[in-house]
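J.: Sending over a structure as structure tokens; questions will come in a sec.
Nothing in this text is a laboratory measurement; each read-out follows from the coordinates by a stated rule. Predicted model, so just to flag it, every value in this text is computed and none were measured. FYI the Cβ positions are ideal-geometry reconstructions off the backbone, even for glycines, and counts take in every protein chain you see.
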Amino acid sequence: MATTDDVTESKFLLAEYNCIKEEQKTRIGFRDNLLYFTLAAATAVVAITVQSGQPQPRSTA
């Protein structure tokens, strides 16, 4: 038989677990968005480089 303290502790632990899971979801979302931003920035740099039309410097070896 569960006592009042056990029920209260269980509710507390469940609430803490839910808070931690929400924080984890937020961190994963931030990480994913950072990855997408990095990919977009790299793509933009490559696109600007290609569109600039400047030839690559030739080495005179």
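J.: Would you kindly derive the ³J(HN,Hα) couplings of the stretch 45-53 from the backbone phi angles with the Karplus curve 6.51 cos²θ - 1.76 cosθ + 1.60 (θ = phi - 60°), listing them in order in whole Hz, with x for Gly and Pro?
T.: So the Karplus estimates, Gly and Pro as x, are 5, 5, 4, 5, 5, 5, 6, 5, x Hz.
J.: May I pose another question? Hey, with R₀ at 25 Å, roughly what FRET efficiency would residue 27 and residue 48 work out to, going by the Cβ-Cβ distance, to 0.05?
T.: Details: r = 32 Å, r/R0 = 1.27.
It comes out at approximately 0.20.
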